[in-house]
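Everything on this sheet refers to the single structure shown next.
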Amino acid sequence: MPDNDIPAEAPHRIAGDTWLISNRCASGPGAFVPMNSMVIRGAQPVVVDTGTPLHRDSWFAQVESLVDLDDVRWIFISHDDSDHVGNLHELLDRCPHATLVANFFMNERMAVEPRPLPLHRMRWLEAGDALDVGDRRLHLVTPPLYDGPTTRGLYDERTAVLWAVDAFASMTPAGVCDAVDVPAPMYDETFRALNSMVAPWHELVEPARFRRHCDRLEALGLVAVASAHGPVLHGDAIPDAFERIRGLAGAARVQPPGQPLLDQIVAGMVAA
């Protein structure tokens, strides 16, 4: 998708002093896959994930509209996939007072890249740990679904916002950030497909045990749920989304498109 076709984005308020940094990639006529991250504008500002290189200019413009980068104290990386660490090194360079919250295995997996992570600026935390950021504690949790072994979500005890990382994915129309504004047919079809492709292991899990994991997260009393690849959930959309995720346990995975689609795309490129 050419850069000039990427819709213009602006920060979207989730709750209190918490903002979605919203970007997206085209995935068919009128349909986009969100590529979100988050900023918590508290006593010690926190950037949650760092977006994709594709959206670098938009991503930095949105973040800097909310917080002075000199004031950022924490950079939380949920896992080491490129759409979550795409602007990490530049952000570290531009946030000289920030500590990077990662973990051991994330550092090991990224050690093969040309530029290693700065060990002297890191804190390694796992699910079950908590991070004190001055005016609140952020609890690291295991999201309902995930696609990488280093993944940890984030629960803010002050605002009751959950950063669910790659769970609760769904396509959206351009400019739409809240689940209530996504057309039901688009949400129904793409929620199941994207969450299944993110975590195809769902077909192998024991439903009762998986349900208990989802129950523990939902029981946190969530006010809002934000994620990297889906719309923000509020109100009734939260229990609805959790129940959709529970329904994946033991169910056959959704098969992604294969060679026929690739042939069609390449043929279209040649014709153009």
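The values are calculated or read from the model by the stated rules, or taken from the named source; none is laboratory data. On a predicted model such as this, the values are computed, not experimentally measured, just so you know. A quick note on method: Cβ atoms are made from the backbone with ideal geometry, for glycine too, and the neighbour counts reach across all protein chains shown. The accessibility values were calculated without ligands, DNA or RNA, using every heavy atom of the protein model including side chains. Shrake-Rupley method; radii C 1.70, N 1.55, O 1.52, S 1.80 Å.
Please list 148-155, 165-172 highest first by mean number of surrounding beta-carbon atoms within 10 Å per residue. Mind showing how you got there, number by number?
Working: 148-155: 20.6, 165-172: 27.2.
So the order, starting with the most tightly packed, is 165-172, 148-155.
Cα-Cα pairs above 20 Å in the range 68-193: how many percent?
On the way: 4121 of 7875 pairs.
It works out to 52 percent of all Cα pairs.
If contacts are Cα pairs under 8 angstrom and at least 6 residues apart, what is the relative contact order of the chain in percent?
Details: 520 pairs, mean separation 43.6, N = 272.
Relative contact order for the chain comes out at 16 percent.
Taking N as the number of residues in the chain, what is its Cα Rg relative to 2.2 N^0.38 Å?
Details: Rg = 18.2 Å, N = 272, 2.2 N^0.38 = 18.5 Å.
That works out to 0.98 for the chain.
Just subtract the alpha-carbon distance of Ala26 and Glu157 from 0.36 nm times their residue separation and send over the number in nm, one decimal.
Details: separation 131, 0.36 × 131 = 47.16 nm, distance 3.41 nm.
Between Ala26 and Glu157, full extension yields an extra 43.7 nm.
Quick one: Karplus J couplings for the range 158-172, per residue in order, coefficients 6.51, -1.76, 1.60, θ = phi - 60°, nearest Hz, x for Gly and Pro?
The phi angles translate into 7, 9, 6, 9, 10, 8, 9, 6, 9, 6, 6, 6, 6, 6, 9 Hz.
Grab the DSSP H runs of the chain that are 4 residues or longer, score each as -39,500 (n - 2.57), total them, divide by all residues and round the 222 nm result to the nearest 500 deg cm²/dmol. Spell out each step's value before the answer.
Details: 8 runs with 79 residues, N = 272.
It lands at -8500 deg cm²/dmol.
Any idea of the accessible area per residue across the chain, 1.4 Å probe, to the nearest Å²? Spell out each step's value before the answer.
Details: 12160 Å² over 272 residues.
With the other protein chains kept in place, the chain gives 45 Å² per residue.
Where a ≥ b ≥ c are the square roots of the eigenvalues of the C-alpha gyration tensor, would you call the range 1-145 rounded, which needs a/c under 1.5, or, failing that, prolate if a/b is larger than b/c, or oblate?
Details: a/c = 1.56, a/b = 1.31, b/c = 1.19.
Note, shape of the range 1-145 comes out prolate.
Relative to the present Cα-Cα distance, how much length would full extension add between Asp181 and Arg212 at 0.36 nm per residue of separation?
Additional length available on full extension: 8.2 nm.
Taking square-rooted eigenvalues a ≥ b ≥ c of the alpha carbon gyration tensor, is the range 141-263 rounded, prolate or oblate, where a/c under 1.5 means rounded and, failing that, a/b exceeding b/c means prolate? It would help to have the intermediate numbers written out before the result.
Details: a/c = 1.76, a/b = 1.21, b/c = 1.46.
Judged from the Cα gyration tensor, the range 141-263 comes out oblate (a/c at least 1.5, b/c at or above a/b).
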